[in-house]
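Chemist: Take a look at the following structure, please.
The values are calculated or read from the model by the stated rules, or taken from the named source; none is laboratory data. Everything numeric here is computed off the predicted structure, so don't read it as measured data. Cβ atoms come from the backbone with ideal geometry, glycine included; neighbour counts cover every protein chain shown. Note: accessible area is taken over every heavy atom of the protein model, side chains too, but ligands, DNA and RNA are not part of it. Shrake-Rupley method; radii C 1.70, N 1.55, O 1.52, S 1.80 Å.
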Amino acid sequence: MIQHIDVHAVLQESVSGVYADLVTRPTGRVVRERIERAMATWQYPVTVARIDFTGVGCIDYSCADEIVAKLLRDRRTVVVLSGISDGHREAIEPVLAGHGLAALIERRDGGGELEALGAPEAAAALLDELVARRLAVRTPAGTIALTLA
């Protein structure tokens, strides 16, 4: 089962006023804690958590570390990032690489294809694990796609 988390909505609930950017470590911490609380309440066995950044203007390194890196370190659920812009990627990728972590990014075209982001060794291991667990398949085109809807 895939569970969806809308980061923009979590940010709006976490910070007073209309706010679209993930900047400062305290903001990142509050957003991550809310995401963790939501994940703790899921009633069904969730295999994949889709963390959707659609609507988030920008994310700085401290929020990428506080939200993405910590969620990846502390979760048994596979985390797939969606709605990732080039700007988001520029902040997230070096943070993950610096921690030796990798994340999956769902491509924006909506075709369900995944791309690994972060430390190359961790990325390769993550993709191999997903295929071994039958959560994803290697397509004839050489890409990886989720098997869950």
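Chemist: Under unit Cβ charges (Lys, Arg +1; Asp, Glu -1), what dipole magnitude, rounded to 20 debye, does the chain have relative to its Cα centre?
Modeler: 480 debye
Chemist: For the stretch 66-149, which trypsin sites (Lys or Arg not before Pro) pass both filters: DSSP loop (anything but H, G, I, E, B) and at most 14 other C-beta atoms within 10 Å?
Modeler: R75, R76, R107, R108, R133, R134
Chemist: If you take the square roots of the eigenvalues of the alpha-carbon gyration tensor of the stretch 46-92 and sort them as a ≥ b ≥ c, do you get rounded (a/c under 1.5), prolate (a/b over b/c) or oblate? Can you show the working numbers first?
Modeler: Values: a/c = 2.68, a/b = 1.43, b/c = 1.88.
Oblate, since a/c reaches 1.5 and b/c is not below a/b.
Chemist: How much of the DSSP beta bridge set in the chain is antiparallel, as a percent to the nearest 5?
Modeler: Counting only bridges with both partners in the chain, antiparallel ones make up about 45 percent.
Chemist: Still on this structure: What does a probe at A132 reach in the stretch 81-106, counting residues whose amide N is under 18 Å from the point 7 Å along Cα→Cβ?
Modeler: Of the residues in the stretch 81-106, 101-104 have backbone N under 18 Å from the label point off A132.
Chemist: Could you pull the accessible area for D128 with a 1.4 Å probe, rounded to 10 Å²?
Modeler: Accessible area, nearest 10 Å²: 80 Å².
Chemist: Which of the following values of Rg/Rh (Cα atoms, Kirkwood Rh) was calculated from the structure shown: (1) 1.02; (2) 0.95; (3) 1.20?
Modeler: The listed entry that was calculated here is (2).
Chemist: What does the charge add up to near G55, with Lys and Arg as +1, Asp and Glu as -1, over the other residues with Cβ less than 12 Å from its Cβ?
Modeler: -3
Chemist: Compute the Cα gyration tensor for the stretch 106-149, then decide on rounded, prolate or oblate, letting a ≥ b ≥ c be the square roots of its eigenvalues: rounded whenever a/c is under 1.5, prolate when a/b is larger than b/c in the other cases, and oblate in all that remain.
Modeler: Note, shape of the stretch 106-149 comes out oblate.
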